[in-house]
1. Taking the stated definitions as given, is residue 139 modelled with pLDDT under 90 and closer than 29 Å to residue 14 by Cα?
2. Within region 20-72, track down each residue that is basic (Lys, Arg) and in a loop (DSSP other than H, G, I, E, B).
3. List every residue pair whose Cβ atoms sit under 8 Å apart, with the two residues 6 or more apart in sequence or on different chains, where the first one lies in region 1-14 and is of a type in the set (D, E, K, R) and the second, anywhere, is surrounded by 11 or more Cβ atoms within 10 Å (Cβ to Cβ).
4. Looking at 78, 86, which is the one that is modelled with pLDDT of 90 or more and small (Gly, Ala, Ser)?
5. Only one of (1) farther than 30 Å from residue 116 by Cα; (2) of a type in the set (Phe, Trp, Tyr); (3) buried (at least 16 other Cβ atoms within 10 Å of the Cβ); (4) touching a residue at least 24 places away in the same chain (Cβ under 8 Å) fails for residue 74. Which number is that?
6. When you check residue 88 against the structure, is it closer than 20 Å to residue 41 by Cα and of a type in the set (A, V, I, L, M), yes or no?
7. What is the number of the single condition among (1) surrounded by 12 or more Cβ atoms within 10 Å (Cβ to Cβ); (2) assigned to a helix (DSSP H, G or I); (3) of a type outside the set (S, T, N, Q); (4) out of contact with any Asp or Glu (no Cβ under 8 Å at 6 or more places or on another chain) that residue 94 does not meet?
8. Pick from region 143-152 the residues that are in contact with a Phe, Trp or Tyr (Cβ under 9 Å, 6 or more places away or on another chain) and either assigned to a loop (DSSP other than H, G, I, E, B) or over 16 Å from residue 18 (Cα atoms) (or both): which of them is modelled with the lowest pLDDT?
Amino acid sequence: MEFMDRVTKISKIVGKTATDTYNTVADKSGKVFEDAKLKLSIADKETEIEKVYEEMGKTIYDSYKNGEDIGKVFTKEAKKIDKFLAEIDDMNKKILFNKGLRACDSCGEIISNECTFCQSCGKKQKPIKIKVEKKEEVKKEEPKEKVCSQCGLVCDAKAKFCSKCGYSF
């Protein structure tokens with residue numbers, strides 16, 4: 001019986017270690033995925049800015065050609081660019097935040113999120129404000145099976161007891 005107790009303890013330790021490892025990997029891969037998604041969004045915003053620049057150029061030339069004052073014509077287009085640049089800045093802040101970093105409020109040096117003062121310029125840092133978008137609810141995949149830590153039998157995930165040895169899950 002002592003041998004089975006040891007095997008059970010080892011199985012539980014291995015199971016916990018495997019679960020902890022899975023959770024760590026899932027967390028890190030989730031951050032990598034989020035960073036990649038943010039970088040794609042940044043590229044999309046930069047493409048939108050290029051389109052606005054192109055449209056501005058066409059509009060400036062057309063206005064110039066028609067003898068119009070071109071100074072007031074572009075306020076609307078410039079505001080679009082300002083909006084895209086602000087969105088890109090927010091996404092870059094999220095990428096840094098996922099890495100445990102941020103930019104100094106004063107000098108722009110990359111510092112740790114925990115810093116109260118910048119290590120380069122010495123200025124006190126404001127609390128971090130990250131805009132959080134509502135995420136789609138991610139369904140966690142339910143396990144389809146579980147392994148009995150007593151006898152090693154693979155059982156249905158919904159089972160409350162092992163069908164071979166009667167171990168209570």
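1. Details: modelled with pLDDT under 90: yes; closer than 29 Å to residue 14 by Cα: yes.
Taking the combined requirement at face value, the residue satisfies it.
2. 72
3. 12/149
4. 86
5. Single failed check for residue 74: (4).
6. yes
7. (4)
8. As a first pass, look at region 143-152 and keep what is in contact with a Phe, Trp or Tyr (Cβ under 9 Å, 6 or more places away or on another chain): 146, 148-151.
Still in the running and either assigned to a loop (DSSP other than H, G, I, E, B) or over 16 Å from residue 18 (Cα atoms) (or both): 148-151.
Details: 148: 81, 149: 83, 150: 83, 151: 78.
Out of the qualifying residues, it is 151.
The values are calculated or read from the model by the stated rules, or taken from the named source; none is laboratory data. A quick note: this is a predicted structure, and the numbers were derived from the prediction, not measured. Cβ coordinates were reconstructed from backbone atoms using ideal geometry, including for glycine residues, and neighbour counts include every protein chain displayed.
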